[in-house]
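The structure appears below as structure tokens.
Nothing in this text is a laboratory measurement; each read-out follows from the coordinates by a stated rule. Quick caveat, the model's predicted, so the values are computed rather than measured. Don't worry about glycine lacking a Cβ; one is built from the backbone with ideal geometry, like all the others, and counts go over all protein chains shown.
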Amino acid sequence: MTQPLLKVEELCAGYGGGDIVKSAGFTVSENGISTIVGPNGAGKSTLIKALVGLLIPRSGSIQLAGKDVVRMNAPAKARVGLGYVPQEHNVFRNLSIGENMMLAYEFIARDRAGFAAARDRVFDIFPDLVGRESDLAGNLSGGQRQMLAFGCALMPDPTLLLLDEPSAGLSPKYVEGMFAAVKAVNDAGVTILMIEQNVREAMAISETAIVLAAGEIRAQMPAREFMNHPDIHALYMGAASTRQQGGA
Amino acid sequence: MLQILLNGIVSGLLVALPAVALSLTYGVLKFPNFAIGSMITFGAYIALFFNVDIGVPLFAAAGLAAVGLAAVALLIDRLVYRPLRGADHVTLLVASIGVYFVLENVVRFLFGSDIRGYDVTVARPHRWMGLRVNNEQILIFVVALLAMVIVWFILMRTPFGRAMRAVSDNPDLADVRGISRNKVIALVWVISAALSSTAGVLIGMDGIIDPLMGWNYVLPLFAAVILGGIGNPLGAVLGALIIGIVEEMSTLVLPTTYRQAVSFVIIALVLLLRPHGLLGKPRISR
């Protein structure tokens, strides 16, 4: 059993009066892929914002590699190795691809000389970006933009990468490529925690499933167990599986 | 005609410096800083203090004014704007109107309301290809262009310039890229103060120094920024040059007292015909 890289305990977060995330607790193992699943309105986006520091939690603890980071803001968390790819608005649209990559590196990585190596590593994973450094990021298609956002998050070599619905809004052509890229990045040693609505595809590459409902963590289990669990399967994949069975 | 064009370009460059400052603060802080007028005045008076009261050469006094005004701008940000971070832009606009009046009255309290001038030698204008050009105009031309090249270099070629454009583009994403928003905002105030005080000194050299000198530039400034495209520094320069030239041209057909009305007309026309300005991007909302 590997040590948890991320340990979240009794985390409460929200806006205004009430808590949206209520006493959430889960762990993320080093070198694995963990996926948070839950219905719309479960609090997934609030949870991920609290994890990356865009929303300061009201109580609880977040430990990254044994260090308590719960009170850190987003820039500080980025500097201790927490990478994040938002679902939307995930590139600087008025800046070029090259400038996006440079910005993703220069304020986090301590080794300034390592930029070229980091960029080449990203180009190896996303060859579509090669030779397009001077193109404006705002002119990219949705899929290409997602690739750039993913690549930018990898530039400073994060300890843990958080992905907010990486396949959302992508055409089927890009969805497969995106999950392959997530797997490739993980194989290269980056621990990944993602939120994903494409449950079947996400579980196919994940080790762990974390079930969030009404702001609470309801279960954490191996992805294979999640896929075979009759109640959870019906709850989160019922419609898709019923359609598939009906069509078969 | 060429003389009017030259005068218009010089007037436009005087507007361009604070217009770029206004554009930068709008881009990063998302509010129109109405206090820009009093920042021009305050910068001019700091230079006046060092130049006339202390006896420092004007060039060095202008540098000290830039540093002094930057300190004042950072203090104002700490006391006024930082507690309002996240407030809507109307609240911040109203706060900046308050800052305008406070700064103007501090100037009146410290220096009085009399018309004053720098300790500079008055020289005869040069004659060149039928044009009359004075030393102040040459200095305005050189200093304004130099200042804009420096700002362009900072914005486009340095990490902090990239960070400023990133915060202007997408503040939340800038946060998760490790960019400290407070440091970027501080840099914006420093640049804004340097541009405003430089404009104040150049305006003071070309004309007079009084507590309302910055107020007279508020309307052309906003017209330039709206015409160029709000939040776009290059657009602000273009808008300022057009405002300067059109204002000068208007004196051919209108009494000079109506010069400022030209800015009003331009603001109205731009808002009616092209609200996003010449270089701005249209905002589409669903």
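Grab the Cα-Cα distance for B:ARG78 and B:ILE4, subtract it from 0.36 nm times how many residues apart they are, and report the gain in nm with one decimal. Walk me through the numbers before you get to the answer.
Values: separation 74, 0.36 × 74 = 26.64 nm, distance 4.32 nm.
Result for the pair: 22.3 nm of gain on full extension.
Please work out whether chain B counts as rounded, prolate or oblate from its C-alpha gyration tensor, where a ≥ b ≥ c are the square roots of the eigenvalues and a/c under 1.5 means rounded, while otherwise a/b larger than b/c means prolate and anything else oblate? List each step's numbers first, then the result.
On the way: a/c = 1.63, a/b = 1.23, b/c = 1.32.
It is oblate, given that a/c is not under 1.5 and a/b is not larger than b/c.
Between segment B:50-83 and segment A:144-179, what's the alpha-carbon centroid distance in Å?
Value for the Cα centre distance between the two parts: 46 Å.
Using only the Cα atoms of segment B:188-260, what are the Rg and Dmax in Å?
Reported Rg and Dmax, both Å: 13.2, 40.
With a Förster radius of 35 Å, plug the Cβ-Cβ distance of B:VAL142 and A:LEU136 into 1/(1 + (r/R0)^6) and report the FRET value to the nearest 0.05. Kindly include the intermediate steps, with their values, before the conclusion.
On the way: r = 33 Å, r/R0 = 0.94.
Result of the calculation: an efficiency of 0.60.
Let me make sure I get this right: for chain A, a, b and c are the square roots of the gyration tensor eigenvalues over alpha carbons, sorted descending. Under 1.5 in a/c it's rounded, otherwise prolate if a/b > b/c, else oblate. Which is it? Before the final figure, lay out each step's value.
Details: a/c = 1.73, a/b = 1.23, b/c = 1.41.
Taking the square roots of the gyration eigenvalues as a ≥ b ≥ c, chain A is oblate.
What helices in chain B pass both tests, a Cα length along the helix axis of 24 Å or more and a mean Kyte hydropathy of 1.0 or higher, using whole DSSP H runs?
Values: long enough: B:2-29 (39 Å, 1.86); B:58-76 (26 Å, 2.54); B:89-111 (32 Å, 1.62); B:135-157 (32 Å, 2.05); B:181-206 (37 Å, 1.18); B:233-250 (25 Å, 1.57).
The qualifying helices are B:2-29, B:58-76, B:89-111, B:135-157, B:181-206, B:233-250.
Just tell me which lysines come within less than 26 Å, Cα to Cα, of B:LYS183; anything on the same chain fewer than 8 places away is out.
Within reach: A:LYS49, A:LYS67, A:LYS77, B:LYS30.
May I ask for the distance between the Cα centers of segment B:207-229 and segment B:175-189, given as a whole number of Å?
When both Cα centres are located, 28 Å separates them.
Near A:MET72, within a Cβ-to-Cβ distance under 12 Å, what is the net charge of the other residues, with Lys and Arg +1 and Asp and Glu -1?
Working: positive: A:LYS67, A:ARG71, A:LYS77, A:ARG79; negative: A:ASP68, B:ASP175.
Net charge around A:MET72: +2.
Could you pull the Rg and Dmax for segment A:7-81, using just the Cα atoms, both in Å?
12.0, 37
Evaluated at 20 °C with a viscosity of 1.002 mPa s, what Stokes-Einstein diffusion coefficient in µm²/s does the protein assembly as shown have when Rh comes from the Kirkwood expression over alpha-carbon pairs? If you can, show how the numbers build up before the last one.
Details: Rh = 26.0 Å.
Once the numbers are plugged in, D ends up at 82 µm²/s.
Per DSSP helix of 4 or more residues, -39500 (n - 2.57); summed, then divided by the residues of chain A. What does that give at 222 nm, rounded to the nearest 500?
Numbers: 9 runs with 96 residues, N = 248.
Value at 222 nm, helices only, nearest 500: -11500 deg cm²/dmol.
Please give every one of the aspartates and glutamates within straight-line cross-link reach of A:LYS7, meaning a C-alpha to C-alpha distance under 17 Å, and leave out same-chain neighbours fewer than 8 residues apart.
A:GLU30, A:ASP68, A:GLU207, A:GLU216
Taking A:LYS183 as the anchor, which lysines have their alpha carbon closer than 21 Å to its alpha carbon, excluding any fewer than eight residues away along the same chain?
A:LYS173
Would you tell me the mean number of C-beta atoms belonging to other protein chains that fall within 10 Å of each C-beta in A:74-81, as a whole number?
On the way: counts 9, 10, 3, 3, 5, 2, 1, 0.
Taking all residues of A:74-81 together, the mean is 4.
Packing-wise, with mean Cβ within 10 Å as the measure, how do A:63-73, B:182-192 rank, highest first? Provide the component values of the computation, followed by the final result.
On the way: A:63-73: 15.5, B:182-192: 20.5.
Going from most to least packed, we get B:182-192, A:63-73.
Let me make sure I get this right: for segment B:1-149, a, b and c are the square roots of the gyration tensor eigenvalues over alpha carbons, sorted descending. Under 1.5 in a/c it's rounded, otherwise prolate if a/b > b/c, else oblate. Which is it?
Numbers: a/c = 2.45, a/b = 1.52, b/c = 1.61.
Judged from the Cα gyration tensor, segment B:1-149 comes out oblate (a/c at least 1.5, b/c at or above a/b).
Taking chain A as a Gaussian network, Cα atoms linked when under 10 Å apart, which of A:ALA180, A:ALA209, A:ALA42 shows the biggest mean-square fluctuation?
Maximum fluctuation in the GNM of chain A, among the listed residues, is at A:ALA180.
At 222 nm, what helix-only mean residue ellipticity would chain B give, in deg cm²/dmol to the nearest 500, using -39500 (n - 2.57) for each DSSP H run of four or more? Walk me through the intermediate numbers first.
Numbers: 11 runs with 196 residues, N = 286.
Result for chain B: -23000 deg cm²/dmol, rounded to the nearest 500.
Sorted from largest to smallest, which semi-axis lengths in Å does the alpha carbon gyration tensor of segment A:46-191 give for its equivalent ellipsoid, taking the root of 5 times each eigenvalue? All intermediate terms of the calculation are to be shown ahead of the outcome.
On the way: eigenvalues 121, 60, 43 Å².
Those come to 25, 17, 15 Å.
Using Cα springs under 10 Å in a Gaussian network model of chain B, which residue among B:VAL143, B:VAL122, B:VAL20 shows the largest mean-square fluctuation?
B:VAL122
Summarise the partner chain shielding of A:104-114 as one whole number: the mean count of Cβ atoms from other chains within 10 Å of each residue's Cβ. Could the numbers behind the result be given before it?
On the way: counts 5, 2, 6, 11, 4, 1, 0, 0, 1, 0, 0.
So the per-residue partner count for this stretch is 3.
What FRET efficiency comes out for the pair A:GLU216/B:HIS276, r = Cβ-Cβ distance, R0 = 56 Å, nearest 0.05?
Step by step, r from the Cβ atoms, then E = 0.80.
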